[in-house]
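For reference, the structure is listed below as structure tokens.
The values are calculated or read from the model by the stated rules, or taken from the named source; none is laboratory data. Bear in mind the structure is a predicted one, so any value in this text is a computation, not a measurement. Because the Cβ atoms are built from the backbone with ideal geometry, glycine has one as well, and the counts that use them run over all protein chains shown. Areas reflect the complete protein model, heavy atoms only, side chains present, ligands, DNA and RNA absent. Shrake-Rupley method; radii C 1.70, N 1.55, O 1.52, S 1.80 Å.
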Amino acid sequence: MANALRGLGVTGLIRQHRLHLPSGRWARFDLAIPSRRIAIEVDVHPRHDETAGRLADGSRDDRVAAEGWVTVRISRADYHGRFTDRLVEIADQVRAHRPMSEPAA
């Protein structure tokens, strides 16, 4: 995944990036671009399709959003059915995204 995104021009990717939250808890992202505050989660495990998994993912996304992070998710359907198209969409999102700490031009 990281190599494919790099091939599309995405730079600054960190695998298994950890973010310490004000609550004292940690969030770990499958991939992240810390300089842009973008987390990329690859949700291929069946747990992410279950109600409890979706609720946990949403809650974590809300906590990291409060810290200025955007979470981009790749679903199992994306991964198995439209992998390349989804990666192109993510690369476009990364290029267009400005973190909260950067003023818009």
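Scan segment 1-41 residue by residue and report those that are part of a strand (DSSP E or B), over 18 Å from ASP92 (Cβ atoms) and among the hydrophobic types (A, V, I, L, M, F, W, C). Talk me through it step by step, then tell me what you get.
Quick first cut of segment 1-41, residues part of a strand (DSSP E or B) only: 14-20, 26-33, 38-41.
Next cut, over 18 Å from ASP92 (Cβ atoms) only: 14-20, 26-30.
Correct list: ILE14, LEU19, TRP26, ALA27, PHE29.
Number of residues in segment 10-26 that are surrounded by fewer than 19 Cβ atoms within 10 Å (Cβ to Cβ), in contact (Cβ under 8 Å) with a residue 40 or more places away in the chain and under 19 Å from HIS97 (Cβ atoms) equals 1. In the condition set (1) in a helix (DSSP H, G or I); (2) at pLDDT 70 or above; (3) more than 15 Å from ARG28 (Cα to Cα), ARG47 is compliant with all but (2). Within segment 60-72, the only residue that satisfies the criterion of being open to solvent by 50 Å² or more (accessible area, probe 1.4 Å) and over 15 Å from HIS20 (Cα atoms) is VAL70.
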